[in-house]
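Accompanying notes for the structure given below.
The values are calculated or read from the model by the stated rules, or taken from the named source; none is laboratory data. Predicted, not measured: the structure shown is a model, and the values here were computed from it. Cβ coordinates were reconstructed from backbone atoms using ideal geometry, including for glycine residues, and neighbour counts include every protein chain displayed. All accessible areas refer to the heavy atoms of the entire protein, side chains included, with ligands and DNA or RNA removed. Shrake-Rupley method; radii C 1.70, N 1.55, O 1.52, S 1.80 Å.
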Amino acid sequence: MSKQSISDDKSLNSIEGKRAKQARLTKSKILKSATKVFAEDGFSGGRIERISREANSNDRMIYYYFGNKESLFLNVLEATYLEFYKAEKALDLDIDSPIEALESIIEFTFRYYLDHPEFVAILNDENLHRAKHSRQSENIKSISGNIQGNLAPLLKKGQKSGVFRKEVTARNLYLTISALTYFYCSNQHTLTVFVGANFQDASFQSEWLKHISDVVIRSVIIDI
C-alpha cells in the first residue's frame, strides 16, 4: 500500500470519527431537550418544534435519529430509568451491615426523586398513559429488574444473619421504598395544601426521611 493510500485512509477515518462524534453530541442534545420538554408539557403537550429549538437543532434531525415522537419519548424514558439505575449502582453499600445498607438505599431513592423532578414528572405522565410506551421497551423491563436486584444481596445477607424476616421479598421491599419516596415527591404541591406543611422545606424532608426509614426497617426486621 502506498504512502498516499495510507494517508487517505487516515484522513477518511478522521472524518468518519468526527461525524460519529457530532452525531452522538446531536442525539445527546436532542435527548436532553426532549427530557426537559416532556417533563414540563407531557407526551401529548410536548412539541417537536420546541424540542428542536431547545436543542438548537431542527425537526429533520429529530426524525432522522429517533424516527417519530413516540420513539423519542421512549428513548427519554429509557434514559431516565438508566440514569437512576447507574446512580444507585454506584452506591458504596456494605451488605455486611444490612440495616445501614438498606437505610442508604432509602435515602438515595428519596433524594434522587427530590433532585430529579423531571424523572418524577415523566413517570407521572407515563402513568397517565397507562405505561403505553414503557410496555414497548425490553430495556425498561431489564433496568427495572436490575433495580430490584440491587436489594436482593443485602436482603439475603440480613435474612441469613437473622436480622431480616425470611418472608420478605426484594419485590415487596422495592415497592415499599418506592411508595414512600415517590408519593411524597410526585404529590408534594397538593400535599403542601392538604397537610398544611411545606413539603419543599429541607427540615420537613429530613423528618419524612427519618420516618420512612423507620417504617421500612421495621417492616423487614425481626422483632426482638
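Observations, loosely collected:
- Within the stretch 38-96, the set of residues being open to solvent by less than 40 Å² (accessible area, probe 1.4 Å), among the aromatic types (Phe, Trp, Tyr) and in contact (Cβ under 8 Å) with a residue 60 or more places away in the chain comprises Phe38, Phe43, Phe73, Phe84.
- Per the conditions (1) loosely packed, with under 15 Cβ neighbours inside 10 Å; (2) modelled with pLDDT of 95 or more; (3) among the charged types (D, E, K, R); (4) in a helix (DSSP H, G or I), the sole criterion not satisfied by Glu107 is (1).
- Taking the conditions (1) among the acidic types (Asp, Glu); (2) closer than 30 Å to Ser161 by Cα; (3) at pLDDT 95 or above in turn, Asp41 satisfies each one other than (2).
- Evaluating Glu100 against the criteria (1) in a loop (DSSP other than H, G, I, E, B); (2) of a type outside the set (Lys, Arg); (3) within 15 Å of Phe164 (Cβ to Cβ) leaves one unmet condition, (1).
- Identity of the residue in the stretch 68-97, in a helix (DSSP H, G or I) and of a type in the set (Gly, Ala, Ser), that ends up farthest from Val220 (Cα to Cα): Ser71
- Check on Val195, at pLDDT below 95 and among the hydrophobic types (A, V, I, L, M, F, W, C): yes
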